[in-house]
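The values are calculated or read from the model by the stated rules, or taken from the named source; none is laboratory data. None of these values were measured; they are calculated from a predicted model. Reconstructed Cβ throughout: ideal geometry from the backbone, glycine too, with neighbour counts over all protein chains shown.
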Amino acid sequence: MGDPLQKGYEPHNVEVKWRRHWEKTRAFTPDPDAPGEPFSIVIPPPNVTGALHIGHALNLTLIDVLCRHARQKGKNVLWIPGTDHAGIATQNVVERSLANEGASRQSLGRWAFVKRIWEWREDYGHRILEQISAMGASVDWTRLRFTMDDGLSAAVRKVFVRLYNEGLIYKGDYIINWCSRCHTALADDEVDHKPDRSKLWHIRYHLADGSGHIVIATTRPETIPGDTAICVHPEDTRYTHLIGKIAILPVLNREIPIITDSYVDKEFGTGALKVTPCHDHNDWMLGKKHDLAFIQVIDENGIMTSESGHYAGLTKQECREQIIIDIQAAGDIVEVSDIEHAIGHCYRCHTVLEPHVSTQWFVAVKKLSKAAHDAVPELTQIFPESWLKTYFHWLDNIRDWCISRQIWWGHRIPAWTCAACGTLTVVEKTPEVCPKCGDPRLAQDADVLDTWFSSALWPFSTMGWPDSTNDLARWYPTSVLVTGFDILFFWVARMMMMGIHFMGTPPFRHVYLHALVRDADGRKMSKSTGNVIDPLEMINKYGCDALRFTLTAFAAMGRDIRLSEERIEGYRHFVNKLWNAARFVLLHVSDAPEPVDIENVSGLHHQWILHRLETVKAQNDQALTEYRFNDAAQTGYKFLWNEFCDWYLELVKPDLDPKAENQQRTVRYVLWLVLRETLILLHPIMPFVTAEIWQALPAPQDAAATDFGTDLAREPYPAQRPGCVRKEQAQRMEFVQAVIVAVRTIKAELNIAPSHKTKLILISADSVHAALLEENRAMIMTLARLESLTTATDIQVPKASASAVVQGCQIIVPLLGTVNLAGELQRLEKEFTKLEKELVTANKNLLNESFTTRAPAEVVEREQKRAAKLMESITTLQSLKNRFAEALAEEQTME
RNA sequence: GGGCAGUUAGCUCAGUUGGUAGAGCACCGCCUUCACACGGCGGGGGCCACAGGUUCAAGUCCUGUACUGCCCACCA
């Protein structure tokens, strides 16, 4: 600590140093008994096998900004980190690596395979944790959790058993989405619907009584062996005469009934639908409704079963080709057309899914969804609000949740079947014998639970539930959940249901759904497209603070972020700017400055910067409490760069001249104070660079020499100083700034080098302005780079001069040598037209009687003042123009 | 088929109760000023998608249209 600032900011060493310091001092490990309003967040747990991607980077940055800000505000902050075992995803990863060794999970066996995954997790699970740390996330590492920890696993079993006993978990036959590659069932929302080009075959089914035929349209002829009915719309007059008749299945020659249901779309295909209850979700529903036969013709490996006649043993693709040939041969293919439709893919491995009938475990979420609906927005508010409808719609149309997965990595289902009497026992602890018959031959259900089952418990299982812990008492429910909208259903809604059911309270007060990070062209980032921006690479190149600032600055509510490397590079400049501003301050403030009474400080520039600081403090705080991250970043950026650096630092330079002894005390103190508080404001967004500057900055004279003085992460948010709020003084400063800018513009437009010192004459409209300009002549002299300054209310103006008008005040820059009078006149004309245009719009309102009578008095007054000022400026400009015209005329006469 | 966003400067986007259109980057000039060239100063550039409506006043509120994107859904 206490290192001086080197010439250039080098992020890497600084980041490592502070990460170590914060970890060593347990800066982010809160004490449940400590005072302060509780503030808690649970991390959206990344997959153990995953690597940090830009989405994590955004998520972690936003959460960290909130947590660090909450700490500054004196809250007792807990941020729990952790990882998710990610069942299918992790199993797939390890299976792939096994395949490289020529092995498979089957060859290893269940026990060895699971052991292998645990080993894998030992190696790679730490990688993601290290990466979370690299983002600067102020998590409490002492409370690190993993969804398959003993504690969390116990919570999973408890929840399962309780829901089972309450009748909210049941086992049943159902048509589910089957991935024949992952070899498991998937929940409805794990299905990825992607458009696919296919053929639509129109096939003739003959009637059993020989009286004719009916033509159906299908995209899946291989399921024909599983047909158990044909269905038409009851009001479809084309088919009325066929209802109740029997049709003959092509090739297999089985008899099936022709039934009716209004589900059928008369417009699609031929209006006649073949019903295959075992291999289509809708057909399943029709089969149940009309009590049809259920014939499974495709097995879980995608192979035709013995029910499919002579197609048995073929793959479903081979069967499709063969059956078409066979039907074609019989002359019953009526038509083949192209069709584009959506088919389901596995969201993990992208294999085409097969609807499949099997016995699975379900959660009766229909019974849990109402409470989750009703808790919003009274108990839990969702931001941005545009997601409300989506959330409600999903809950209101929810279907029971299939939670069993036929994989090996995950929480085993705590259900045992007795080999002797067949009794199913669902208990938390592995039973020794069957509770019914006492037989010890018990077989545990082979399935594991959907990953999202344990994730749904995350907000309370991580705090030690089912024990009643201090953490739960202090920090449940959590303050806010920050996550991407893409897992609103997978995760957020399910946490709501479980939290309410088991804790009696929804798990969060706020839900903030942030955007997706896309590439510069708005495309989703993906490895296959090759357009990913790797956060770690960005940290390496530009520093963590630059990355964090970029993500924060672009995190406007409800909008996707289009990110490109150039933006991060751009914000690195800001980090550098801050660094150099600090170096400048440290050049002059090397030890603790003597306090001055800043509420009564003299000097317009000091009053102005202190006033601005107060405004920015309030705005920054407000923005963060409203999740307007981009506004918070923007506010800090503009203040530091455009006000503190561009103006204040330049303004104090003359004061810092050793000859200006009497000014030094005030300047040093204000410089120090403003930088200090700016560092606090920026710290949540840019923790590293601010912490490093902070420790180099002298501590207050009265501060105890403890860690609290040198670690910015422990510094409270600066209190408001109402005495420093001085709007009028700030406006005066703005007037002086406008005068300076006017002079600079004249110089620039006349191609006079900025360093060339000119004379300046200021002719004020009134004595107040005159006094103001006279009082601040030093500022104007320096920043406008003048040789001399004359202020007056009336003076003989040299004819050869450039001029401008600011709020009625004439800016006269006398010119030496040859002057392009015509060019100068043109410049004034341009300005004149601009002002006139403004006056026209102002007058349009003022001359309108309905405006003056109906608009609020203050608006009318403001408009009048504006018009008056414009008039003043226009008059002045007019006289300047006249003078130039005269001079020009003289010049021409002389020639 | 339903729902939700978006359309503002060349590009990416702000614009919080309606009250004089903003930023960053890019662009054009000038500047090796002792914190910073990852810099300074100045400048150009916009019928706020389109059409109506409400209002004294609309980028902002309402209705419709056109594109763009996303989510949900059982069209075989």
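Would a scan of the stretch A:473-487 turn up a residue that is buried (at least 18 other Cβ atoms within 10 Å of the Cβ) and out of contact with any strand residue (DSSP E or B) (no Cβ under 8 Å at 6 or more places or on another chain)? No, every residue in the stretch A:473-487 fails to be buried (at least 18 other Cβ atoms within 10 Å of the Cβ) and out of contact with any strand residue (DSSP E or B) (no Cβ under 8 Å at 6 or more places or on another chain). Return yes or no: is residue A:319 touching a Phe, Trp or Tyr at 6+ places or on another chain (Cβ under 6 Å) and assigned to a helix (DSSP H, G or I)? For residue A:319, the condition - touching a Phe, Trp or Tyr at 6+ places or on another chain (Cβ under 6 Å) and assigned to a helix (DSSP H, G or I) - is met. Evaluation of residue A:458 against the conditions (1) surrounded by 15 or more Cβ atoms within 10 Å (Cβ to Cβ); (2) within 22 Å of the chain's Cα centre (by Cα); (3) more than 21 Å from residue A:164 (Cβ to Cβ) shows that the sole unmet condition is (3). Within the stretch A:478-491, residues that are touching a residue at least 60 places away in the same chain (Cβ under 8 Å) and within 16 Å of RNA strand B (Cβ to nearest atom) have Cβ atoms under 6 Å from residues that are among the charged types (D, E, K, R) and not in a strand (DSSP E or B) in these pairs: A:489/A:189, counting only partners at least 6 apart in sequence or on another chain. Please tell me if residue A:650 is of a type in the set (Asp, Glu) and either free of Cβ contacts under 8 Å to residues at least 60 places away in the same chain or away from RNA strand B (no atom under 16 Å from the Cβ) (or both). Here the answer is no, as residue A:650 does not meet what is asked. Looking at the stretch A:71-144, the helices (runs of 4 or more DSSP H) lying wholly inside it that each contain 1 or more residues that are within 30 Å of residue A:476 (Cβ to Cβ) and not hydroxyl-bearing (Ser, Thr, Tyr) sit at A:87-100, A:110-134. Entry remark, the stretch A:767-800: residues being without any contact (Cβ under 8 Å) to a residue 40 or more places away in the chain, among the polar types (S, T, N, Q) and outside any loop (DSSP other than H, G, I, E, B) number 4 in total.
Those helices (runs of 4 or more DSSP H) of the stretch A:512-625 in which at least 1 residues are in contact with a Ser or Thr (Cβ under 6 Å, 6 or more places away or on another chain), surrounded by fewer than 22 Cβ atoms within 10 Å (Cβ to Cβ) and of a type outside the set (A, V, I, L, M), considering only elements entirely within it, cover A:565-588, A:604-625. I'm checking my understanding of the structure. Among residues of the stretch A:252-266 that are outside any loop (DSSP other than H, G, I, E, B) and closer than 10 Å to residue A:231 by Cα, which one is farthest from RNA strand B (Cβ to nearest atom)? Once the filter is applied, the top-ranked residue is A:257. Scanning the stretch A:813-846 for residues that are in a helix (DSSP H, G or I), within 14 Å of RNA strand B (Cβ to nearest atom) and hydrophobic (A, V, I, L, M, F, W, C) yields A:828, A:832, A:835, A:839, A:840, A:842, A:846. Here the condition is being touching a Phe, Trp or Tyr at 6+ places or on another chain (Cβ under 6 Å), within 17 Å of residue A:134 (Cβ to Cβ) and surrounded by 19 or more Cβ atoms within 10 Å (Cβ to Cβ); of A:14, A:94, it holds for A:14 alone. Of the residues making up the stretch A:771-785, one or more are on the phi > 0 side of the Ramachandran plot and of a type outside the set (Gly, Ala, Ser).
Quick check: anything in the stretch A:403-412 of a type in the set (Gly, Ala, Ser), without any contact (Cβ under 8 Å) to a residue 60 or more places away in the chain, away from RNA strand B (no atom under 16 Å from the Cβ) and over 20 Å from residue A:118 (Cβ atoms)? Looking through the stretch A:403-412, none of the residues is of a type in the set (Gly, Ala, Ser), without any contact (Cβ under 8 Å) to a residue 60 or more places away in the chain, away from RNA strand B (no atom under 16 Å from the Cβ) and over 20 Å from residue A:118 (Cβ atoms).
The single condition among (1) under 26 Å from residue A:406 (Cα atoms); (2) surrounded by fewer than 16 Cβ atoms within 10 Å (Cβ to Cβ) that residue A:282 does not meet is (2). Any residue in the stretch A:743-765 that is away from RNA strand B (no atom under 16 Å from the Cβ), farther than 25 Å from residue A:825 by Cα, surrounded by 18 or more Cβ atoms within 10 Å (Cβ to Cβ) and of a type outside the set (Lys, Arg)? Within the stretch A:743-765, not a single residue is away from RNA strand B (no atom under 16 Å from the Cβ), farther than 25 Å from residue A:825 by Cα, surrounded by 18 or more Cβ atoms within 10 Å (Cβ to Cβ) and of a type outside the set (Lys, Arg).
Taking the criterion of being over 14 Å from residue A:136 (Cβ atoms) and of a type in the set (A, V, I, L, M, F, W, C), the residues of the stretch A:59-80 that qualify are A:70, A:77, A:78, A:80. Does any residue of the stretch A:300-313 turn out to be within 16 Å of RNA strand B (Cβ to nearest atom) and outside any strand (DSSP E or B)? So far as the stretch A:300-313 goes, no, none of its residues is within 16 Å of RNA strand B (Cβ to nearest atom) and outside any strand (DSSP E or B).
Here the condition is being polar (S, T, N, Q) and either in contact with a Lys or Arg (Cβ under 9 Å, 6 or more places away or on another chain) or away from RNA strand B (no atom under 13 Å from the Cβ) (or both); of A:810, A:864, it holds for A:810 alone. If I go through the stretch A:653-679 residue by residue, how many of them are modelled with pLDDT under 80, of a type outside the set (A, V, I, L, M) and either part of a helix (DSSP H, G or I) or more than 14 Å from RNA strand B (Cβ to nearest atom) (or both)? Residues flagged as modelled with pLDDT under 80, of a type outside the set (A, V, I, L, M) and either part of a helix (DSSP H, G or I) or more than 14 Å from RNA strand B (Cβ to nearest atom) (or both) within the stretch A:653-679 amount to 3.
The residues of the stretch A:849-861 that are more than 7 Å from RNA strand B (Cβ to nearest atom) and out of contact with any Leu (no Cβ under 9 Å at 6 or more places or on another chain), listed by number, are A:849, A:853, A:857, A:858, A:861. Here's a check for you: in the stretch A:289-320, which residue that is under 48 Å from the mean Cα position of the chain (by Cα) and surrounded by fewer than 13 Cβ atoms within 10 Å (Cβ to Cβ) is farthest from residue A:214 (Cα to Cα)? So, considering only residues that are under 48 Å from the mean Cα position of the chain (by Cα) and surrounded by fewer than 13 Cβ atoms within 10 Å (Cβ to Cβ), the one farthest from residue A:214 (Cα to Cα) is A:301. The single condition among (1) away from RNA strand B (no atom under 11 Å from the Cβ); (2) without any contact (Cβ under 8 Å) to a residue 12 or more places away in the chain; (3) not hydrophobic (A, V, I, L, M, F, W, C) that residue A:872 does not meet is (2). For the stretch A:1-58, give me the residue count where each residue is within 22 Å of residue A:140 (Cβ to Cβ) and within 16 Å of RNA strand B (Cβ to nearest atom). The qualifying residues number 2. Can you name every residue in the stretch A:632-642 that is near RNA strand B (Cβ under 10 Å from one of its atoms) and within 15 Å of residue A:613 (Cβ to Cβ)? Scanning the stretch A:632-642 gives A:635, A:637, A:638, A:640, A:641, A:642.
Residues in the stretch A:184-205 that are within 11 Å of RNA strand B (Cβ to nearest atom) and aliphatic (A, V, I, L, M) were compared, and the one that is modelled with the highest pLDDT is A:203.
The number of residues in the stretch A:203-243 being small (Gly, Ala, Ser) and either within 57 Å of the chain's Cα centre (by Cα) or crowded, with 18+ Cβ neighbours inside 10 Å (or both) comes to 3. Condition first: closer than 21 Å to residue A:453 by Cβ, assigned to a loop (DSSP other than H, G, I, E, B) and aliphatic (A, V, I, L, M). Can you find one or more residues in the stretch A:28-44 that meet it? Scanning the stretch A:28-44 turns up at least one residue that is closer than 21 Å to residue A:453 by Cβ, assigned to a loop (DSSP other than H, G, I, E, B) and aliphatic (A, V, I, L, M).
Of all residues in the stretch A:617-631, exactly one satisfies the criterion of being more than 19 Å from residue A:510 (Cα to Cα) and within 7 Å of RNA strand B (Cβ to nearest atom), namely A:631.
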